[in-house]
Every structure is written in C-alpha cells, then in structure tokens.
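**Student:** This is the structure I want to talk about, given as structure tokens.
A short reminder: the numbers here are calculations on the coordinates, not readings from a lab. Since the model is a prediction, treat every value here as computed from it, not as a measurement. Note that each Cβ is placed from the backbone with ideal geometry, even for glycine, and that neighbours are counted across all protein chains shown.
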C-alpha cells in the first residue's frame with residue numbers, strides 16, 4: 001500500500017499527529033546539530049581569546065627591561081626566574097591555559113627565557129629541542145599565529161603565538177597553549193547538553209502534539225458519530241447534538257467553526273508568545289554573559305596598585321573605578337616611564353555597556369603604546385586620536401586628561417582632551433579648579449592637534465582627576481551632586497589624609513548623597529600627590 005493511500009485512510013487524529021511528529025523530529029535534530037557546531041566554534045573562539053590575552057599580558061607581567069637583559073645562560077639568575085615563574089603560573093591558572101612561555105632563537109636553536117606550567121619544570125635557557133610547527137610558521141611572516149599544532153614533546157595543543165621585539169630589535173616568541181583534549185572535552189560536554197535539550201524538547205513536543213491532535217479531532221469525531229447515528233436512525237428526533245459540543249443550541253455548525261477558529265488562534269498566539277519569550281530570555285542571558293566577560297577582561301586592562309617606592313616615596317597615587325553596569329566606559333592608567341617621570345591618564349568614553357567597554361579597552365592599549373614611544377602628552381593624545389578617528393563610523397569618542405609628572409621638581413606637562421578640569425588641593429586644605437585650554441574630545445576628528453600645558457606642583461599639593469559620574473550623580477529628588485559639593489568634601493578632608501583616603505572620602509560622600517538611587521554613570525577617580533624630596537636620617 002502506498003504511503004499516501006495509507007495516510008488518507010487514517011483517522012483525523014493520526015493525520016494531525018504524524019506531520020507534527022515528523023516536523024518536531026527534524027527541528028529537534030537540526031537544533032541539536034546546529035547548536036552543537038555553533039557552540040563548538042564559540043568555545044574555540046573563547047579559548048583563543050583567552051590564550052591571546054595571556055600572551056599579550058605576559059609582556060606586562062615581566063619587568064619592562066626583562067627581554068633586554070636576556071643575553072644567554074646565566075643572564076637571568078635562578079631566583080629572579082623562579083619569582084617570575086611563580087607569578088606567571090598564578091596568572092596561567094587564572095586564565096585557564098596549560099603553558100605560557102617566551103622563546104629566543106640563537107644559533108638556530110630555541111631556548112625558553114620565561115615559562116609557566118603547572119609542574120614548574122621549565123628552566124631558564126632550557127633548549128626547546130623539538131619545536132612545534134607553529135613556531136616555524138610565525139618565523140615566516142612575524143605575525144600572530146593561532147592554530148591547533150602537534151608538538152612532538154607536549155602533544156596536540158591549541159596554541160597562540162605572537163612576536164615580540166626588545167628595544168635592540170631582537171626577536172622573541174611569546175606563546176600560550178592548552179591541551180587539545182581539554183578543548184574536545186568542552187565540545188563533548190556541549191554536545192551532550194544540546195542532545196539532552198533536543199531530546200527533552202522533542203519529547204515535550206510529541207506529548208504536546210498528541211494532546212493537541214486529540215483535542216482538535218475530538219469534536220470532529222463526536223460530530224462524525226452524531227451524523228452516523230443520525231443517518232442510521234433515519235434522522236430520528238431522538239438523536240440530539242451533545243450540548244457540551246454546541247453550547248449555543250441550534251447554532252451548531254456555526255459554533256463549531258467559531259470554536260475551531262478560536263482554538264487555532266489561541267494556539268498560534270501562545271506558540272508565538274512562548275517563542276518570543278524564549279528568544280528574549282536567551283538574548284538577555286547572552287547579553288549579561290557578554291557584559292560579565294567584558295567586565296572581567298576590562299579589569300585586566302587596569303594597572304595594578306601604585307607602589308610609592310618606585311620614586312622613593314616622592315609620589316603618592318591612588319585610583320578607583322566603579323562601573324554603573326557590569327562593564328563600563330571610564331578608564332584610568334598610570335605607568336613609570338623612567339626613574340624621574342610618571343605617566344598618568346583618566347578618561348570617559350561616550351555611551352555605556354559593551355560598546356563603551358570595548359572602546360575603553362582600545363583606548364587603554366593605544367595610550368600605553370603611545371606612552372612607551374613618546375614623552376610628550378600632546379603627541380600621545382594626538383596619536384591616540386588619529387588611531388581612534390580612523391573609520392570611527394559610530395562617532396564614539398573619549399574625553400581624556402593625560403599628564404606626565406617630573407618627580408624631581410613637581411612639573412606636570414598635561415593635555416586636556418575635552419575632559420573635566422582637575423582639582424588642585426594645597427597642603428593648607430584649599431581646593432581650586434585648574435584652568436585648562438578647551439581642546440576637542442578625542443577620537444572623532446582626524447588631524448586634530450592638542451594644546452600642551454604645564455603645571456608645577458609644590459610638595460604636599462594634590463592633583464584630583466575625576467569623571468562626570470561624580471558630579472552628575474543624583475539623589476531621590478533628581479538633584480545633582482555637583483562640583484561645588486565635591487569641592488566642599490575635598491576641602492573638609494583632614495590634611496593628613498592619604499590619596500586613598502581622598503578617593504574613599506569622595507566615594508562615600510557620593511554614595512551617601514545618592515542613597516537608594518541606582519548609579520547612572522561610571523565613577524572614576526585618580527588622586528596624585530607630589531611629596532617632593534624626602535628627608536633621610
């Protein structure tokens with residue numbers, strides 16, 4: 001018997017149920033397969049991102065002159081190597097990678113000059129006897145290389161290697177790896193999850209399809225039974241329609257059609273509503289997950305706490321950032337340029353959330369790169385502006401205050417790129433706003449120049465930088481915190497207050513002012529105090 005003929009002879013319930021069954025089976029299968037492959041690629045992309053961050057961060061974890069001091073066996077002593085290995089291993093554990101290393105090629109051989117692995121087994125200047133193929137690949141074009149590579153010594157690895165050049169132009173290779181079987185384990189887990197979800201959804205859909213087909217066919221079966229009995233009894237008046245089937249009495253046929261139509265409409269709307277809810281919930285969870293990841297990545301771009309001993313306690317510096325969302329658009333940065341100069345910056349990216357967080361990360365990277373090349377804040381801001389303005393179709397911008405402090409005499413050379421002018425706190429407790437030239441914001445107009453300005457800090461004077469998240473904080477009455485209250489709070493702080501106390505004091509005052517109001521904007525502060533030369537006994 002042909003399938004079409006067989007299908008035509010089945011009951012109405014089966015005719016409804018069978019297409020539901022086939023469609024549900026196919027859709028569940030497609031969902032499982034597509035979801036698995038899409039998620040597998042997402043897993044690999046996330047691992048590659050973590051490995052790339054690990055390689056880029058390794059340059060920051062090691063001393064700035066570390067690679068310059070790598071000159072051969074014994075150029076880095078065992079104690080320093082062990083200290084760096086411990087630090088790198090802690091970082092390796094945090095990012096979830098297996099190996100983190102730096103290689104140097106000499107006389108055709110590769111040597112480990114810094115490394116981290118969970119066994120602490122790699123020594124300084126240990127020869128890498130059988131390099132993986134990706135090591136040779138990066139030598140061809142000296143560009144970052146991401147691949148799954150079969151290492152003769154360490155097995156099959158997912159690997160990211162990037163080039164690094166020291167100040168003398170010598171080439172190093174920095175790499176981060178994770179065992180391929182760990183990646184495959186994550187993929188298998190994702191497959192099982194999707195298979196389970198697909199099976200459960202298939203079973204639920206089958207149960208729903210059966211119930212729906214029975215519900216739809218039941219009135220027709222009862223109506224068919226009625227017509228059959230009516231015909232068999234020669235249209236006897238004793239044969240009556242079921243009142244439950246046609247509650248409006250004589251309007252039997254019309255009421256049946258209306259009931260079927262209403263049921264179908266209700267079902268269709270319910271299905272559409274459930275799908276919309278699923279899509280909305282999935283989109284919200286995906287967005288929240290991306291914000292959490294962005295927030296964690298964003299934290300890695302911020303510098304570690306400032307160490308006053310860098311300049312023999314001639315400078316105090318403390319900064320903090322409290323985002324309004326899980327990822328924000330404010331930024332701060334500082335770095336020791338040499339024995340006598342301190343670079344610092346604070347900025348505010350337009351917008352909020354993920355786009356602002358991504359833009360903030362780019363700004364920090366560009367600032368650090370430019371600060372390593374130039375000692376002129378005007379040139380630093382100009383270079384950052386050129387890079388950001390290139391193909392900036394979204395017109396996202398950042399306000400920046402960038403300065404370089406000469407710790408020998410307290411001179412601050414700075415540029416204000418459309419940011420709030422900073423405050424100056426004297427040793428006597430007075431507070432004033434530093435007048436600055438009105439430059440444009442950074443990142444919108446290419447070819448823009450920025451005015452360089454100079455300020456000399458006397459010993460004991462403090463420079464306070466902030467974003468508008470402070471002055472524009474609101475309370476229950478929608479009143480703004482304002483610059484006047486901020487200045488009053490700064491002036492009320494005790495003279496012996498440290499820079500950390502200044503930051504905490506403003507933060508506490510803003511929190512007390514806002515009360516239960518939700519934080520509307522990121523709050524970022526940087527407080528720098530020039531101590532001058534310290535007397536020694």
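**Student:** How would the range 40-183 be classified by its alpha-carbon gyration tensor: rounded, prolate or oblate, with rounded meaning a/c under 1.5 and the a/b versus b/c comparison settling the rest?
**Tutor:** Cα axes put the range 40-183 in the prolate bin.
**Student:** What distance in nm separates the two pseudo spin-label positions at residue 492 and residue 182, each 7 Å out from Cα along the beta-carbon direction?
**Tutor:** A separation of 5.1 nm, rounded to one decimal place.
**Student:** Sort 348, 516 so the one with the fewest other Cβ atoms within 10 Å of its own Cβ comes first.
**Tutor:** 516, 348
**Student:** Find how much the distance from residue 484 to residue 77 grows on full extension, using 0.36 nm per residue of separation minus their present alpha carbon separation; answer in nm with one decimal.
**Tutor:** This chain segment gains 141.0 nm when fully extended.
**Student:** Taking other Cβ within 10 Å of each residue's Cβ, how do 100, 14 sort, fewest first?
**Tutor:** If I rank by nearby Cβ atoms, fewest first, I get 14, 100.
**Student:** If I model a spin label at residue 136 and residue 337 as a point 7 Å from the Cα along the Cα→Cβ vector, what separation in nanometres do I get?
**Tutor:** Going by the 7 Å Cα→Cβ label model, 4.5 nm.
**Student:** Further question: I'd like to compare 471-484, 392-405: which one has the highest average count of other Cβ atoms within 10 Å, and what's the full order after that?
**Tutor:** My ranking of the peptides, most packed first, is 392-405, 471-484.
**Student:** Which distance in nm do the two modelled labels at residue 279 and residue 192 give, with both placed 7 Å along the Cα-to-Cβ direction?
**Tutor:** Reported label-point gap for residue 279 and residue 192 is 3.3 nm.
**Student:** If you don't mind, there's one more thing I want to ask. Give the shape of the range 345-466 as rounded, prolate or oblate, defined through the alpha-carbon gyration tensor: a ≥ b ≥ c are the square roots of its eigenvalues, a/c under 1.5 means rounded, and otherwise the shape is prolate if a/b is larger than b/c and oblate if not.
**Tutor:** In terms of gyration-tensor shape, prolate.
**Student:** Two decimals is fine: what's Rg over Rh for the range 8-65, C-alpha atoms, Kirkwood radius as Rh?
**Tutor:** Radius of gyration over Kirkwood radius for the range 8-65 works out to 1.58.
**Student:** Taking other Cβ within 10 Å of each residue's Cβ, how do 388, 203 sort, fewest first?
**Tutor:** Going from sparsest to densest Cβ surroundings: 203, 388.
**Student:** Between residue 170 and residue 18, what length comes free when the chain is fully extended (0.36 nm per residue of separation minus the Cα-Cα distance, one decimal in nm)?
**Tutor:** 47.7 nm
**Student:** Moving to a separate point now. To the nearest 0.05, what FRET efficiency results for residue 69 and residue 437 with a Förster distance of 45 Å applied to their C-beta separation?
**Tutor:** Efficiency computed from Cβ-Cβ geometry: 0.60.
**Student:** OK, next. At 0.36 nm per residue, minus the direct Cα-Cα distance, what do residue 393 and residue 406 gain on full extension? Give it in nm, one decimal, please.
**Tutor:** Result: 0.9 nm gained on full extension.
**Student:** When a/c is below 1.5 the answer is rounded, else prolate if a/b is larger than b/c, else oblate, so apply that to the range 303-530 with a ≥ b ≥ c taken from the square roots of the Cα gyration tensor eigenvalues.
**Tutor:** Oblate, since a/c reaches 1.5 and b/c is not below a/b.
**Student:** Compute the separation of the alpha-carbon centres of the range 462-537 and the range 363-432 and state it in Å as a whole number.
**Tutor:** The range 462-537 and the range 363-432 have Cα centres spaced 20 Å from each other.
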